[in-house]
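Every read-out reported here was derived from the displayed coordinates using simple, explicitly stated rules and does not represent laboratory data. Since the model is a prediction, treat every value here as computed from it, not as a measurement. With ideal geometry, Cβ positions are generated from the backbone for all residues, glycine too; neighbour counts draw on all protein chains shown.
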Amino acid sequence: MSKTEKNRVCPVELSGSLDTKFRRLFQNPVRILKPFILPGMEVLDLGCGPGYFTTAIAELAGESGKVTAADLQEGMLDIVRKKIQGTELEKRIELHRCEKDTINFKGKTDFIFAFYVIHEIPDKERLFTELYAALKPGGSMLIVEPPLHVSKSDFRKMIDIIVDTGFSLNGSPRLFPNKSALFQRN
Ligand SMILES: C[S@@+](CC[C@H](N)C(=O)[O-])C[C@H]1O[C@@H](n2cnc3c(N)ncnc32)[C@H](O)[C@@H]1O
């Protein structure tokens, strides 16, 4: 697989396949997120796509929490917008458009959640420098990458870049068959 194919951005036309009943059976958003999200937290959902995890994050963060649902594609953000329109969650979720070369996020957050997105972003050094700046001291970041699409060595390279940026590796939550790693900003 070429580098460009690996970095291919998931098109909006495939968003339906990211939010299905079948996915909920083996990747239940609340079950995955519950160990990491506490009420009142501010969370950045990077590469939120159609918001499969976003609404669960907002539920777990509660009324005093805040979620920034960030994506490169306006089409993905439109889907999240429609999903939350007129619901309680609208007040807790802010939609944020990233740019191709920068996440363009100026806030500070308690937790960064990046599920199936890192391999789509070519400049990882820049990405993790920005994410480090976006995290409050003591905050955490969970990255999860797909099992086949991202090889063991590619995932190891991601971890090395993240650690070189200044994050501490804080374990690998079991999210079989995916590759996952939890980091902390000291
Ligand atoms: C495979 S989808 C995963 C969506 C969601 N996290 C999930 O698991 O359902 C990857 C998402 O990352 C977004 N993405 C790709 N490159 C990005 C970038 N540079 N900045 C922000 N989002 C990006 C894509 O638009 C797409 O919505």
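Details
- The rule of thumb for compact globular proteins, 2.2 N^0.38 Å, goes into the C-alpha radius of gyration of segment 70-148 1.17 times.
- Beta bridges from DSSP with both residues in the chain: antiparallel share about 30 percent, rounded to the nearest 5.
- Base-10 log of normalised Debye intensity for segment 1-62 (one unit scatterer per alpha-carbon) at q = 0.13, 0.14, 0.15 Å⁻¹: -0.44, -0.50, -0.56
- Stokes-Einstein, applied to the Kirkwood radius of segment 127-186 over Cα pairs at a viscosity of 0.692 mPa s and 37 °C, places its translational diffusion at 279 µm² s⁻¹.
- Square roots of 5 times each gyration tensor eigenvalue, C-alpha, segment 24-156, largest first, Å: 22, 17, 16
- Normalised by the number of residues in segment 16-184, the average gap of Cα pairs under 8 Å and 6 or more apart makes the relative contact order 18 percent.
- Descending by average beta-carbon neighbour count within 10 Å, the peptides 51-64, 144-157, 103-116 line up as 51-64, 103-116, 144-157, the highest first.
- Those lysines that a straight Cα-Cα span of less than 24 Å connects to residue 179, excepting residues fewer than 8 apart in one chain: 3, 6, 21, 34, 124, 152, 157
- For segment 147-162 versus segment 17-41, the gap between their alpha-carbon centres in whole angstrom: 22
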